[in-house]
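**Q** Sharing a structure below in structure tokens format, with a few things to ask.
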Amino acid sequence: MTRRNIRVGIVGAGIIGASVAYHLARRGIEVCVFERGAGPAVGTTGKSFGWVNTLFVDPADARVFSLRRAAVEEYERLAAELPGAFRDASRGSLLWKATPGETENLFRTFRNAGLDVELIAGAELARREPFLRSVPPCALSSPKDIALQPPALAATLLAAAVERGAKLFTNTQVISLCASDGAVTGLVTASEAIAFDLVVLAAGPWTEELLRPLGLSFGLLISPALLLRYCSDRRLLSHIVKSPELEVRQLPDNAMIVARSLKDPLPDAGAIDVMGREMLRRIRALVMDSERIGFEAGVIGQRPMFPDELPRTGHAAGCKGLYLAIGHPGVILAPLLGRLAASEIAGGAAPW
Ligand SMILES: Cc1cc2nc3c(=O)[nH]c(=O)nc-3n(C[C@H](O)[C@H](O)[C@H](O)COP(=O)(O)OP(=O)(O)OC[C@H]3O[C@@H](n4cnc5c(N)ncnc54)[C@H](O)[C@@H]3O)c2cc1C
């Protein structure tokens, strides 16, 4: 059974909400997206490093690994469908661990799991990244990884959804969900209550705020991370580079970004400044000709995740009319989750 004639309201225009909206609109389903910010990607998506990869999951964790792998492969489909979305994206990452033995082990693990990775010698690494100051004996290369600008991708997905009839309401906070007899029947903004056949919660780390009044909780965890931005007047790196000290990449405008996980208590502005300068020291230790790089700013983003590292995409258990679309790492997962969610909402099989 297909359900084309339903009206779907989506809360949140981050990368996940944008992807669900695009994939629903592609199927001709009526969609309204509500975003409290002035535009898309003002939440965690706007603070993301934008690395699409399969490198941080243990292949022995078969469910998480196969999902991550399928999600990365899904990007090829999306790139063919929306080539403009990837204008500023680049390919390839280079990674090494503290010792050559650890790097070789990592390479073997991923190669045996069937990933397209190579182990390259230091001389080859230096050829691919000629500005590296300290070159390890070997590195793992993952040539198909994508470095993209998540806000740009979210905006493109939403624009493509709008072209197909979706409506986007920005500066529109969803204050609560309408519920009756244990089912969600719509949502409430500051100005009106609007009925929907289905409400998709894609509000990232804020999802549970809307669930709480309904007495629901799905065990969402919030994990903070810091995105640091540096100005640079020249091109110094061609790939994402991850060393034991630093995860760094250069944007199309030459700015560099560095991502760091954080623990509570969260750093205040002064502590972020200290971390930003420490990372600048590490950039300079890693990259030659980097004296003119300057620290600009650091922002904290809240990563919505679940303890089993799997997303929650599907009809909410125990509550009709409500659909969850949350998962980490959201940028990697968004195209796959969006397509599967749209398929299920349209009457297809559940994502998993
Ligand atoms: C420093 C850092 C680096 C990261 N690096 C990567 C990476 O390399 N690769 C990767 O895949 N992931 C990465 N992530 C994680 C990734 O960014 C998130 O998983 C993803 O952005 C989550 O997207 P989302 O759409 O679920 O949430 P969000 O982007 O937070 O979107 C939720 C949206 O809902 C809106 N909203 C919330 N409540 C309401 C309401 N009541 N009414 C209306 N609107 C509402 C918010 O304003 C927001 O725009 C990183 C995160 C951080 C912080």
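**Q** Can you check how the C-alpha radius of gyration of the range 106-180 compares to 2.2 N^0.38 Å, as a plain ratio?
**A** 1.95
**Q** Continuing with the same structure: If you find the alpha carbon centre of the range 229-250 and of the range 7-40, how far apart are they in angstrom?
**A** The two parts, judged by their Cα centres, are 33 Å apart.
**Q** Over the Cα atoms, compute the radius of gyration (one decimal) and Dmax (the largest Cα-Cα distance, rounded to a whole number) for the chain, in Å.
**A** Both quantities, over Cα of the chain: 21.0, 67 Å.
**Q** Right, next: Report P(r) for the range 120-265: all Cα-Cα distances, bin width 10 Å, range 0 to the bin holding the largest distance, values in whole percent.
**A** Percent of Cα pairs in each bin: 8, 25, 25, 20, 15, 7, 1.
**Q** What percentages make up the Cα-Cα pair-distance distribution of the range 209-248 when the bins are 10 Å wide from 0?
**A** 18, 31, 17, 18, 14, 2
**Q** Can you compute the modelled spin-label distance between residue 175 and residue 82, with each label point 7 Å from Cα toward Cβ, in nm?
**A** Simple spin-label model gives 3.2 nm for this pair.
**Q** Something else about it: Quick check: convex hull of the Cα atoms in the range 31-179, volume per residue, rounded to a whole Å³?
**A** With only Cα atoms used, the range 31-179 gives 164 Å³ per residue.
**Q** What number comes out for accessible area per residue over the chain if the probe is 1.4 Å? Units Å², please.
**A** Using a 1.4 Å probe on heavy atoms only, each residue of the chain averages 43 Å².
**Q** Along each principal axis of its Cα atoms, how long is the range 77-127 end to end? Whole angstroms, biggest number first, please.
**A** 41, 27, 16
**Q** Hey, another quick one. Applying a 10 Å radius around every beta-carbon, put 54-62, 241-249 in order of their mean neighbour count, most first.
**A** Values: 54-62: 15.2, 241-249: 18.8.
Top of the packing list down: 241-249, 54-62.
**Q** Taking only the alpha-carbon atoms of the range 196-348, what semi-axes of the equivalent ellipsoid follow from 5 times the gyration tensor eigenvalues under a square root, in whole Å, largest first?
**A** Calculated on Cα positions only, the semi-axes equal 38, 18, 12 Å.
**Q** Another question, if that's okay. Which residues in the range 281-303 have a backbone N closer than 14 Å to a point placed 7 Å from the Cα of residue 133 along the Cα-to-Cβ line?
**A** 281-294
**Q** A further question follows. What is the percent carbon and sulfur in the accessible area of the chain, measuring with a 1.4 Å probe over the protein chains and ignoring ligands?
**A** Details: 8000 of 15250 Å².
Carbon with sulfur: 52 percent of the solvent-accessible area.
**Q** A further question follows. Assuming 1.567 mPa s and 4 °C, estimate D for the range 1-85 with Stokes-Einstein, Rh taken as the Kirkwood radius over Cα pairs, in µm²/s.
**A** Using the Kirkwood radius from Cα pairs, D works out to 86 µm²/s.
**Q** Quick one: which of 309-318, 83-92 comes out on top by average Cβ neighbours within 10 Å, and what's the full order, highest first?
**A** 309-318, 83-92
**Q** Excluding residue 295 itself, what net charge comes from residues whose Cβ is under 14 Å from its Cβ, given Lys and Arg +1 and Asp and Glu -1?
**A** Local charge sum for residue 295: +3.
**Q** If you average 1/r over every pair of different alpha-carbon atoms in the range 290-336 and take one over that average, what Kirkwood value in Å do you get? Don't jump to the answer; show the numbers that get you there.
**A** Values: mean 1/r = 0.0733 Å⁻¹.
In the range 290-336 this quantity evaluates to 13.6 Å.
**Q** Of the candidates 208, 104, 192, which one comes out as most mobile in a Gaussian network treatment of the chain with C-alpha springs shorter than 10 Å?
**A** Ranking 208, 104, 192 by mean-square fluctuation puts 192 first.
**Q** Further question on the same structure: Quick one: Karplus J couplings for the range 69-75, per residue in order, coefficients 6.51, -1.76, 1.60, θ = phi - 60°, nearest Hz, x for Gly and Pro?
**A** Rounded to whole hertz, the list is 5, 4, 5, 5, 5, 4, 4.
**Q** Can you give the accessible area of residue 167 in Å² (nearest 10), computed on protein heavy atoms with a 1.4 Å probe?
**A** Spelled out: residue 167, probe radius 1.4 Å, area about 100 Å².
**Q** Okay, next question. Compare 225, 154, 113 in a GNM of the chain, Cα atoms joined below 10 Å, and give the one with the largest fluctuation.
**A** Its mean-square fluctuation being the largest, the pick is 113.
**Q** Shifting gears a bit: Could you identify which residue out of 301, 101, 37 has the top mean-square fluctuation in a GNM of the chain using Cα springs shorter than 10 Å?
**A** Per the Cα network of the chain with a 10 Å cutoff, 101 tops the list.
**Q** Between residue 7 and residue 121, what length comes free when the chain is fully extended (0.36 nm per residue of separation minus the Cα-Cα distance, one decimal in nm)? Each step should come with its number before you reach the end.
**A** On the way: separation 114, 0.36 × 114 = 41.04 nm, distance 5.51 nm.
So the extension gain works out to 35.5 nm.
**Q** What relative contact order, as a whole-number percentage, does the range 1-95 give when Cα pairs under 8 Å and 6 or more residues apart are counted?
**A** On the way: 70 pairs, mean separation 19.0, N = 95.
Here the relative contact order equals 20 percent.
**Q** With Rg and the Kirkwood Rh both taken from Cα atoms, where does Rg over Rh land for the range 175-250?
**A** In the range 175-250, Rg relative to Rh is 1.25.
**Q** Could you compute how much accessible surface residue 272 exposes when probed at 1.4 Å, giving the result in Å² to the nearest 10?
**A** About 20 Å², rounded to the nearest 10.
**Q** Then there's this: Can you give the FRET efficiency for residue 167 and residue 38, using 1/(1 + (r/R0)^6), R0 = 22 Å, r = Cβ-Cβ distance, to the nearest 0.05?
**A** Details: r = 16 Å, r/R0 = 0.75.
Once the sixth-power term is evaluated, E becomes 0.85.
**Q** How high is the relative contact order of the chain, in percent, with contacts defined as C-alpha pairs under 8 Å that are six or more residues apart?
**A** Reported relative contact order: 26 percent.
The values are calculated or read from the model by the stated rules, or taken from the named source; none is laboratory data. As the structure is a prediction and not an experimental result, all values here were calculated from the model. We place every Cβ from the backbone using ideal geometry, glycine too, and count neighbours over all the protein chains shown. Accessible surface is based on the protein model in full, side chains and every heavy atom, while ligands, DNA and RNA are left aside. Shrake-Rupley method; radii C 1.70, N 1.55, O 1.52, S 1.80 Å.
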